[in-house]
Amino acid sequence: MIRQMPKQSAQLNRVFQALADPTRRAVVERLGSGPAAMSELAQPFAMALPSFAQHLDVLEGCGLVRSRKQGRVRTYRLVPRQLQAVDSWMQKQRAGWARRLDQLDQHLKTMKEQQR
């Protein structure tokens, strides 16, 4: 069994919770191509700016994005380090499942040979 430090696990949980929402996933995807102002990020969504700002607050709260205010414009950028943590976790899961599926495949081959 793989064990994680509680702080790392809590952080990963916050990132997954943030990414569970399609609006926030779309924002992260958009920020993958570079920084953008809040108004630009909000444009494709049919919601009021204060409601959209809550989505950005969630993303910033879990560390996926950072913002900077210059004058009246708040610009957001992606923080890849958090996505790398998610990717690392997913790679571990993928490796575990690949190992299990290989074991199942071997077991089924053995059963098939025993039936002959």
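Read-outs throughout are calculated quantities, based only on the coordinates presented, and are distinct from any laboratory measurement. For clarity, every value in this text was computed on a predicted model and none was experimentally measured. Positions of Cβ are generated from backbone atoms using ideal geometry, with glycine treated the same way; all protein chains shown enter the neighbour counts.
Observations on the model:
- Equivalent-ellipsoid semi-axes of segment 1-104, from the Cα gyration tensor, Å, largest first: 32, 14, 12
- For segment 15-31 versus segment 35-66, the gap between their alpha-carbon centres in whole angstrom: 10 Å
- If R0 is taken as 30 Å, the Cβ-Cβ distance between GLU113 and SER88 corresponds to a FRET efficiency of 0.20.
- For segment 24-115: relative contact order, % (alpha-carbon pairs under 8 angstrom, 6 or more apart): 26 percent
- Dividing the summed helix terms, -39500 (n - 2.57) for each DSSP H run of n ≥ 4, by the number of residues in the chain produces a 222 nm estimate of -22000 deg cm²/dmol to the nearest 500.
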